[in-house]
1. Of the numbered conditions (1) buried (at least 18 other Cβ atoms within 10 Å of the Cβ); (2) within 17 Å of D142 (Cβ to Cβ); (3) in contact (Cβ under 8 Å) with a residue 40 or more places away in the chain; (4) touching a Ser or Thr at 6+ places or on another chain (Cβ under 7 Å), V40 fails exactly one; give the number of that condition.
2. Within the range 93-114, track down each residue that is surrounded by fewer than 18 Cβ atoms within 10 Å (Cβ to Cβ) and touching a Gly at 6+ places or on another chain (Cβ under 9 Å).
3. Only one residue in L90, L76, L123 is in contact with a strand residue (DSSP E or B) (Cβ under 9 Å, 6 or more places away or on another chain) and assigned to a strand (DSSP E or B). Which one?
4. Is there a residue being more than 15 Å from the chain's Cα centre (by Cα), more than 17 Å from L44 (Cβ to Cβ) and of a type in the set (A, V, I, L, M) anywhere in the range 78-95?
5. Could you count how many residues in the range 33-64 are of a type in the set (S, T, Y) and not in a helix (DSSP H, G or I)?
6. Are any residues in the range 93-107 assigned to a loop (DSSP other than H, G, I, E, B) and closer than 18 Å to V38 by Cβ, and if so, which ones?
Amino acid sequence: MKHLSRILAIVALAIGVAIPGSAVAQSPPLPTPFVEEVMVKTSLLTFNDANLTGNYAVMYAKMAKPFRDRFTADTLKQAFKVFAGKRIDLIAAKPIVQTAPAKFASNGFLMLRGYFDTTPSRLSYELDFAVSEGELKLIAIDVKVRDPSSSDAGGAGLLTHAATDFSAVGK
């Protein structure tokens, strides 16, 4: 893993191209705001539990099958090592703040983007879900915790950023 950049974005694109029949026409309806909040919080609280325990088996088991076919639970553990032992569970009591409306990308992935207005830092997320085994399952995750004075573009004040280029894994 040569640099920290974006978590699974390259994987999502690569897998999306490789999944036949993942066209938008076959996508389920967009989630309601309540269901979107449940999807985001469930994914991030599972992520929190994995970070606290060091055991990524449950998070891995909840990932979409194309992800599980390509990577291991240890891959997740390595990708998120900057989060090891860090808590993000305070998000459970906070509403999500969308930075973009939920939408299906051209590869059929449901894209959920937003943040939690937490203090003293802001937790932002980019979550992609793919239809897998008859339901929407997480296939890509990018989580950042930033100092509120930093901009997303600048990267200054980055506290933790779980972002790894997965294209380099296994090479």
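Read-outs: derived from the displayed coordinates by stated rules, not from any lab. None of the values given here were measured: they were computed from a predicted structure. Neighbour counts are summed over all protein chains in view; Cβ atoms, including those assigned to glycine, are modelled from backbone coordinates with ideal geometry.
1. (4)
2. If the condition is that a residue be surrounded by fewer than 18 Cβ atoms within 10 Å (Cβ to Cβ) and touching a Gly at 6+ places or on another chain (Cβ under 9 Å), then V97, Q98, T99, A100, A105, S106 are the ones that fit.
3. Criteria check complete, one pass: L123.
4. No, the range 78-95 has no match at all.
5. Final tally of qualifying residues: 1.
6. Hits for the range 93-107 are K94, P95.
Per-residue answers, yes or no, for (1) more than 16 Å from R146 (Cα to Cα); (2) surrounded by 13 or more Cβ atoms within 10 Å (Cβ to Cβ):
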| position | (1), (2) |
| --- | --- |
| K62 | yes, yes |
| K65 | yes, yes |
| R68 | yes, yes |
| D74 | yes, no |
| A79 | yes, yes |
| I91 | no, yes |
| F116 | no, yes |
